[in-house]
Structures are given as structure tokens and as C-alpha cells.
1. Could you please find all residues in the range 147-181 being over 12 Å from Ala110 (Cα atoms) and either within 20 Å of the chain's Cα centre (by Cα) or near ligand 2 (Cβ under 10 Å from one of its atoms) (or both)?
2. Which residue pairs have Cβ atoms closer than 6 Å, lie 6 or more positions apart in sequence or on different chains, and pair a first residue in the range 203-221 that is within 30 Å of Cys120 (Cβ to Cβ) and within 13 Å of ligand 1 (Cβ to nearest atom) with a second residue that is hydrophobic (A, V, I, L, M, F, W, C) and assigned to a helix (DSSP H, G or I)?
3. So which residues in the range 89-103 are more than 15 Å from ligand 1 (Cβ to nearest atom) and either of a type outside the set (A, V, I, L, M, F, W, C) or part of a strand (DSSP E or B) (or both)?
4. Within the set of pairs 6+ apart or on separate chains, which have a first residue in the range 54-74 that is within 15 Å of Val43 (Cα to Cα) and more than 9 Å from ligand 1 (Cβ to nearest atom), a second that is among the aromatic types (Phe, Trp, Tyr) and assigned to a strand (DSSP E or B), and C-beta atoms under 8 Å apart?
5. Which one of these does Ala190 not meet: (1) of a type in the set (Gly, Ala, Ser); (2) buried (at least 19 other Cβ atoms within 10 Å of the Cβ); (3) out of contact with any Gly (no Cβ under 6 Å at 6 or more places or on another chain)?
6. What number of residues within the range 3-35 are more than 16 Å from ligand 1 (Cβ to nearest atom) and surrounded by fewer than 22 Cβ atoms within 10 Å (Cβ to Cβ)?
7. Would you pick out the residues in the range 154-205 that are at positive phi and touching a helix residue (DSSP H, G or I) at 6+ places or on another chain (Cβ under 9 Å)?
8. Sort through Ile74, Ile106, Ile80 and tell me the only one that's in a strand (DSSP E or B) and either under 15 Å from Val196 (Cα atoms) or touching a strand residue (DSSP E or B) at 6+ places or on another chain (Cβ under 7 Å) (or both).
Amino acid sequence: MSIENHHLKGFTEQDAGELTILVGDPGRVKLFAELLDSPKEIVNNREFICVTGLYQNTRISIASTGIGIGSTEIAVIELIQSGAKRLVRIGGCGAWQDHIQAGDIIMNHAMVRSQGMLSCYVPETYPASADPLLFNQIYRQFNQDDQIHTGIGLTAEGFYLSQGRDLNLFGQEEAQQVLSYWKKRQILNAEMETAVIYLLSALYRVPAANCLVAHVARSQDKWMSDADYQARHKYVAKTVIEAILQTK
Ligand SMILES: O=P(O)(O)O[C@H]1O[C@H](CO)[C@@H](O)[C@H]1O
Ligand SMILES: O=c1cc[nH]c(=O)[nH]1
């Protein structure tokens with residue numbers, strides 16, 4: 001069923017590729033579009049930019065979700081209603097475990113999430129998890145020396161206190177408790193969209209996975225340079241697309 005999108009205006013079933021890459025940052029759409037032949041911008045509305053193009057004659061779509069729950073819910077639902085076949089979020093995150101370096105790749109097969117997230121759709125007990133087959137297909141495309149980590153991540157509702165960052169409010173001790181609580185429970189990383197994508201795509205029965213780049217190693221507050229970060233993202237996007245091409 002194709003309906004008129006309220007936000008992704010003009011994006012139709014013809015624009016939905018074998019893979020739809022989701023990015024938070026609208027600026028990253030253009031970076032990934034460089035991988036495609038004949039890229040065409042279909043949507044440019046608020047935080048939502050959508051491009052489709054061809055990779056070795058296979059249609060691939062790239063869409064930005066903006067930051068966080070609200071705009072990601074809109075993007076995912078409108079893309080699925082427009083015929084999106086597979087969703088893979090390629091974005092940044094903070095690495096929380098000490099053995100993960102900035103620049104490493106993290107794939108989350110499941111996410112814990114802030115309380116109440118999307119509670120009008122599902123109860124707290126409903127898992128936010130990746131499609132196991134899609135996850136495995138992407139994971140197998142990477143090389144042994146790619147510094148890739150798999151495990152459970154956290155989708156937080158905010159960037160600051162809910163990710164253990166305090167800017168002169170309650171003190172570092174309280175913020176640090178957020179980090180240490182989840183580190184002890186083996187959470188690898190934190191970001192702001194994956195759980196929304198996993199929950200909605202499970203409800204709509206569209207396969208979804210993520211493949212993230214650790215922008216910062218939180219234990220040392222070590223961030224990647226912009227140039228390295230962009231290059232790493234582009235490498236991840238190319239690898240994800242090639243994984244999908246193996247078995248579309
Ligand atoms: O790198 P992107 O995909 O924008 O995602 C990460 O960056 C934003 C925070 O700076 C959040 O959206 C977080 O999930
Ligand atoms: O620490 C980080 C880094 C990128 N994005 C996040 O949401 N958190």
C-alpha cells in the first residue's frame with residue numbers, strides 16, 4: 001500500500017531500494033550518495049533527506065532520520081509505508097567498554113532503551129532486536145582485522161545526562177553512575193535511534209540491523225577526527241551495500 005507521506009514528501013515505492021540506509025545526520029546522505037551511480041535527491045524537507053541511486057545496477061536508498069525518537073519514528077514509518085525492503089542504520093555512537101577504540105565498528109543485535117520509549121506501540125518487555133539473518137549477512141562481509149564488536153547497545157533518549165554527560169547540573173558523580181551502571185551490564189555503546197528502528201521494523205516485519213562507528217571512546221573521551229570519521233563511515237556503507245548485494 002502506498003500512501004502520501006506527510007514528511008518524506010514525494011518518496012514512493014519506485015524510490016525504495018533493495019536496501020535503505022538510515023543515517024541520523026542529513027549531511028551523511030550526501031557522503032554515502034558518492035558511492036552510487038546516478039544519485040537522485042527525492043526528499044529535502046526539514047531533517048529528512050532521501051536519495052536513491054544505483055550500486056552495480058541495484059537500487060539503494062539513503063535516508064536521514066534526524067536525531068532521536070520523534071523524527072526517527074516518522075522516517076521509519078514513512079519509509080516502510082513507501083515500500084522500504086531492508087533498513088540498516090549506519091551512524092555514530094559512543095563506545096562505553098574500555099576495550100573499544102574510537103573508529104571501531106559496532107553491530108548491536110539488541111538494544112536496551114530509555115524507559116517508556118514507544119510505549120504506545122509495545123510494552124517495556126518487548127525486545128528491541130535486529131533481524132538475525134540480516135545482522136549475520138552484514139557481519140560476515142567484514143574482515144577479521146576490521147575491529148568489529150557485536151553486543152547489546154543502549155538507545156538513549158538524549159545525548160547528555162541520559163548518556164552520562166553532565167554539563168554543570170547535578171555533578172559528574174551522578175552522570176558517571178549512568179555509565180558505570182550499564183558498563184557493568186555489558187552494554188557496548190550508546191546512541192539515539194537504533195531501538196526505535198528495531199521496534200518499528202519488527203512490528204512491520206521489515207528486516208533491520210545496525211552497523212555503527214564509535215565516534216568516541218568514552219573512557220578516554222577520545223574522539224575521531226572529522227576526516228577519519230567520514231572515511232570510516234563510507235567504508236562501512238560500502239561494506240553493508242556489498243553484503244546486501246550478495247543475497248538480495
Ligand atoms: O551519527 P548519527 O547517525 O547522527 O547518530 C548519532 O549522533 C547523534 C548525536 O550526536 C545521534 O543521532 C546519535 O545516534
Ligand atoms: O557518545 C556519543 C557519540 C555519538 N552519538 C551519541 O549518541 N553518543
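Every read-out reported here was derived from the displayed coordinates using simple, explicitly stated rules and does not represent laboratory data. Here the structure is a predicted model, which is why all the values come from computation and not from measurement. Cβ sites come from the backbone with ideal geometry, for glycine too, and all protein chains shown count toward neighbours.
1. Gln147, Ile148, His149, Ala156, Glu157, Gly158, Phe159, Tyr160, Ser162, Gln163, Gly164, Arg165
2. Within 6 Å, the pairs are Cys211/Ile138; Cys211/Val236; Cys211/Val240.
3. Gln97, Asp98, His99, Gln101
4. Listed by first residue and then by second, the contacts come to Ala63/Phe48; Ser71/Phe48; Ile74/Phe48.
5. (3) is the only condition that Ala190 fails.
6. The number of residues fulfilling the criteria is 13.
7. Result: Gly164, single match.
8. Ile106
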